Amino acid sequence: MERSRNTISIILLVLIAGFLQADQNLLSPNFPILMKEFSITEKELGYISSAFVFLSSFMTMVWGVLSDFKKRKLLLLIGVFVGEIPCFLTAFVTNFYELFFLRMLTGIGIGSIIPIGYSLIADFFYREERGKGYSYIETSFGLGTLLGMILAGLIPNWRIPFIIAAIPNFILAPIFYVVTKEPKRGQSERELEIHINSNNYQTKFDITTLKKSLLTKTNQLIFLQGMIGTIPWGIITTWFISFFIFSRNIPKEVATFMLLLIGLAAVMGSFTGGFLGDFFEKKIPGGRSLVSGFGILIGMIFSIILVMFPFPSEFNIFIWIGLFIYSVLLIQFVSFAGPNVRAIVSEVNLPEDRGTVFGIFNILDNIGKSIGPALGGLTIHLLENYFLYSKSESYFYTLVFGMLFWLPCSLIWIFIRKQYVFDRENIKKILKERAP
């Protein structure tokens, strides 16, 4: 009965995460419509996008600290409603200022899902299966991203997608709160399992312990690879479509669908990577690190080959099939690290610190995502105006330059492999000492 209840809770958590993620991609496809309707420019829309990302990232830290000593299922319920109510109301805005205000409120709520969700996953799954658990939620994030792009891209009225994305969580979040039994922090740690089940062990948030967690070398290396490894995603998602429009004369709709295929491959990579990480970790100490590092390196190589391929301006069925197979089989490698990063963070941090550490990780992760678009735009400008490359060449070299950030990211995993095993054993030792 308990196992079935936890399974239902995990399914609900994954669904909630997906619909929250969908909201983040509902605005940008409709920028031209919004500029015309509200008499604004790209500058104002840029303010909204930047402020939304910043506030959402900052709030992950706040939600993360709260999740380390408050009931997480209640916090998630509050976070969902704080995010989805303004998302729903966005469909009824009448001016730019209302839009800006509601997007900020939405960002506050959306910031809750990563630290709370990751912390819950760590207590729902035993250490050796956490890659699988994180692959579920990472896959949900990816599918949510695709759902948002599809809703915003296919529905003519830009307001309706906000309603569609918000309503499901008004139903799912209360069900999750009622169905879910709040997991005890550390209940999936085998060193503590007997004592926690007999209520002989209690955890509490301790700022001193948290400082020690942040000084953990594995955390520092994970933070570093995250900042570097997300720069390519910021560049790709921003400039990929324009590259194929200018360099291959491919229509915007076709280029957008190409990006969707790559997004689908990334989703599959997040799912596959978690299971592979679990498998190799059982075979080799530090196996998750090998899966992540090699996956990023291989994915980088095949991503560069993709932008080098001379696609024609008109696609036929064979090109689409080939692109689909290529993306699903090869591009997905670059996403293998996602669920394994979360699994490693959960294993090298104490149960009462995980939410906070996940919040910090998300903030630093978003630094790379926010740097990518600006760095890409500056690189294109410099190549075209100062080095006198054509627009097509400027876009091409910018994409390749961005993807090369995955090279140092993959090399960092060499150091993570050795350090991760050492820090994990230290956490096991502390948990054994704590047990009554």
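Numbers below:
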item: Wholly enclosed helices (runs of 4 or more DSSP H) of the range 177-244 bearing at least 2 residues at pLDDT 70 or above and assigned by TED's automatic domain parsing to the domain that holds Phe336; result: 207-214, 217-229
item: Filter pass, Ser247 being of a type in the set (Gly, Ala, Ser), modelled with pLDDT of 80 or more and surrounded by 15 or more Cβ atoms within 10 Å (Cβ to Cβ); result: yes
item: Breaking point among (1) assigned to a helix (DSSP H, G or I); (2) farther than 24 Å from Leu147 by Cβ, for Thr94; result: (1)
item: Meets criteria (at pLDDT 90 or above and crowded, with 23+ Cβ neighbours inside 10 Å) for Phe415; result: no
item: Within the range 97-138, tally of residues that are among the hydrophobic types (A, V, I, L, M, F, W, C) and not in a helix (DSSP H, G or I); result: 1
item: Subset of the range 296-331 [more than 29 Å from the chain's Cα centre (by Cα) and touching a residue at least 40 places away in the same chain (Cβ under 8 Å)]; result: Pro310, Phe311, Pro312, Ser313, Phe315
item: Which listed residue, of Phe280, Phe275, Phe318, Phe302, is touching a Ser or Thr at 6+ places or on another chain (Cβ under 8 Å), surrounded by fewer than 22 Cβ atoms within 10 Å (Cβ to Cβ) and hydrophobic (A, V, I, L, M, F, W, C); result: Phe275
item: Leu77 part of a helix (DSSP H, G or I) and either at pLDDT below 80 or not assigned by TED's automatic domain parsing to the domain that holds Phe280 (or both); result: yes
item: Test set (1) touching a residue at least 60 places away in the same chain (Cβ under 8 Å); (2) over 25 Å from Ile10 (Cα atoms) - Asn157 fails condition number; result: (1)
item: Subset of the range 230-260 (residues that are touching a Phe, Trp or Tyr at 6+ places or on another chain (Cβ under 6 Å) and closer than 23 Å to Phe336 by Cα); result: Ile231, Pro232, Leu259
item: Members of the range 368-400 found to be within 26 Å of Val291 (Cα to Cα) and without any contact (Cβ under 8 Å) to a residue 40 or more places away in the chain, listed by number; result: none
item: From the options Glu393, Glu433, Glu384, residue that is of a type in the set (D, E, K, R) and modelled with pLDDT of 90 or more; result: Glu393
item: Residue among Glu347, Glu352 that is touching a residue at least 12 places away in the same chain (Cβ under 8 Å) and out of contact with any helix residue (DSSP H, G or I) (no Cβ under 6 Å at 6 or more places or on another chain); result: Glu352
item: Some residue of the range 168-180 being exposed (fewer than 15 other Cβ atoms within 10 Å of the Cβ) and within 30 Å of Ala265 (Cβ to Cβ); result: no
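A quick yes/no check of all residues on (1) closer than 23 Å to Ile301 by Cβ; (2) assigned by TED's automatic domain parsing to the domain that holds Leu120; (3) out of contact with any Lys or Arg (no Cβ under 9 Å at 6 or more places or on another chain):
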residue: Phe333; (1), (2), (3): yes, no, yes
residue: Phe336; (1), (2), (3): yes, no, yes
residue: Asn340; (1), (2), (3): yes, no, no
residue: Tyr386; (1), (2), (3): no, no, yes
residue: Leu411; (1), (2), (3): yes, no, yes
residue: Ile414; (1), (2), (3): yes, no, yes
residue: Ile427; (1), (2), (3): no, no, yes
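A quick yes/no check of all residues on (1) under 16 Å from Val53 (Cβ atoms); (2) over 15 Å from the mean Cα position of the chain (by Cα); (3) at pLDDT below 85:
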residue: Asn95; (1), (2), (3): no, yes, no
residue: Arg103; (1), (2), (3): yes, yes, no
residue: Gly107; (1), (2), (3): yes, no, no
residue: Ile113; (1), (2), (3): yes, no, no
residue: Asp123; (1), (2), (3): no, yes, yes
residue: Tyr134; (1), (2), (3): no, no, yes
residue: Ser140; (1), (2), (3): no, no, no
residue: Ala152; (1), (2), (3): no, yes, yes
residue: Ile160; (1), (2), (3): no, yes, no
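The values are calculated or read from the model by the stated rules, or taken from the named source; none is laboratory data. Computed from a predicted structure; not experimentally measured. Here Cβ is always computed from backbone atoms with ideal geometry, including for glycine, and neighbour counts include all displayed protein chains.
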